[in-house]
1. Convert each backbone phi in the range 269-275 into a coupling constant with the Karplus relation 6.51 cos²θ - 1.76 cosθ + 1.60 (shift: θ = phi - 60°), then list the ³J(HN,Hα) values in order as whole Hz, x for Gly and Pro.
2. For the chain, build the charge dipole from Cβ charges (+1 Lys, Arg; -1 Asp, Glu) around the Cα centre, then report which of 138, 236, 7 sits farthest towards its positive end.
3. Under a point spin-label approximation (7 Å from Cα along Cα-to-Cβ), what is the residue 279-residue 44 distance to one decimal in nm?
4. What do you get for Rg/Rh of the range 279-328 when both radii come from the Cα atoms and Rh is the Kirkwood radius?
5. Name the trypsin sites (Lys or Arg not before Pro) in the range 1-109 that are in a loop by DSSP and that have at most 12 other C-beta atoms within 10 Å, would you?
6. Which helices count as membrane-span-like in the chain under these terms: full DSSP H, at least 20 Å along the axis by C-alpha, Kyte-Doolittle mean of 0.0 or more?
7. What whole-number value in cubic angstrom gives the convex hull volume per residue for the C-alpha atoms of the range 115-295?
8. Counting only other residues whose beta carbon sits under 15 Å from that of residue 292, what net charge do I get with K and R as +1, D and E as -1?
Amino acid sequence: MRILTQAQVTSLLPMRECIPLMEAALASLSRGQVVLPLRPVLRIPDRHDVFAMMPAYSAALPAFGVKLITVFPSNHGTDLDSHQGAVLLFDSQHGQLVAMLDASSITAIRTAAVSAVATRLLAREDACTLALLGSGVQARTHLEAIALVRPITTVRVWSRTRDHAAAFAAWAERAHGIAVEVADSAPRAVRRADVICTVTSSREPVLRGEWLEPGVHVNAVGASQPGARELDSAAVATARVFADRRESLLHESEDFLAPMREGLVSERSVVAELGEILTGKATGRTAPAEITLFKSLGLAVEDLAAACHVYERAEREGVGTEVALGGRRPPSE
């Protein structure tokens, strides 16, 4: 088995390579090539922290696997990532465990890469102003990802803690040479924005429908479990809604379930999955003034596709640590 650390995964999974990987994974899901159970989630009593298991199989990939991950929102603002764990890869031919990879880096990169896919499919071609609500790990990867698919010239960031937003702006200047404006409020951050990414750990809405202007595209990313919301009901009801997978949206997204309980949206409100657009089964944006919303839940097939790519590169380049765990019969005497 090959073990790959956070730094090694990050090096072997550049964003520019991950975006087409996510397109292929989502298209394979739409073609019916993927087995993807809903993720079992163990909730820590009396807390908002969870442990999730995300298995996936794809006929288009050489391995199947599972991501085991903890989501601890209380880590926000500390030196610990809110998402920590491992991806385990098993060879499809013999069932052998072939790799264990850091899950924090895979999650951060592939999530933003999927948002880039959604932005390429749904945002206006001339979208150039990006608003980020949230300033943590996902804000960093989303800045990089969105700039790869749209000609971003203006970036604004808002965080509930202004110092965190200021630190993000300083990092963006150092890392990418991009000037980022720190907004005093969420409404100011999203004003006249072409693309909005909500990447917070909030359990209450940080984006409201009354702030959305014609033509904007929203990637709603941070809330991925029942009880947590980043969008108010009006924001969802106002937009044309797209999903990574309908089944996940209808079981796991409080952003969508809350307005559905209020009678503002229904299952029919979901226009399409991204994979359906990629395979030509559905159409994305149909008019410049439309408000489009991609609700990201995160799918195990995305982790699987990213992990397979990283493992194959690591094998070719000799990166990682080899560990013999067993699984082979002892030689006959």
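1. My calculation for the range 269-275 gives 6, 7, 5, 5, 8, 4, x Hz in order.
2. Ranked along the dipole, the leading option is 236.
3. Using points 7 Å along Cα→Cβ, the separation is 3.9 nm.
4. Working: Rg = 19.6 Å, Rh = 15.4 Å.
Ratio value, two decimals: 1.27.
5. Details: sites: 2, 16, 31, 43, 47, 67; in loops: 31, 47.
Sites meeting the loop and neighbour criteria: 47.
6. Values: long enough: 15-30 (23 Å, 0.81); 103-122 (28 Å, 1.11); 162-176 (21 Å, -0.53); 300-317 (25 Å, -0.41).
What comes out of the filter, once short or polar helices are dropped, is 15-30, 103-122.
7. Numbers: hull volume 18.0 nm³, N = 181.
Each residue corresponds to 99 Å³ of Cα convex hull volume.
8. Values: positive: 120, 124, 150, 240, 285, 295; negative: 125, 126, 194, 213, 244, 255, 273, 276, 290.
In short, -3.
A short reminder: the numbers here are calculations on the coordinates, not readings from a lab. Predicted, not measured: the structure shown is a model, and the values here were computed from it. Here the Cβ is made from the backbone with ideal geometry for all residues, glycine too, and neighbour counts use every protein chain on show.
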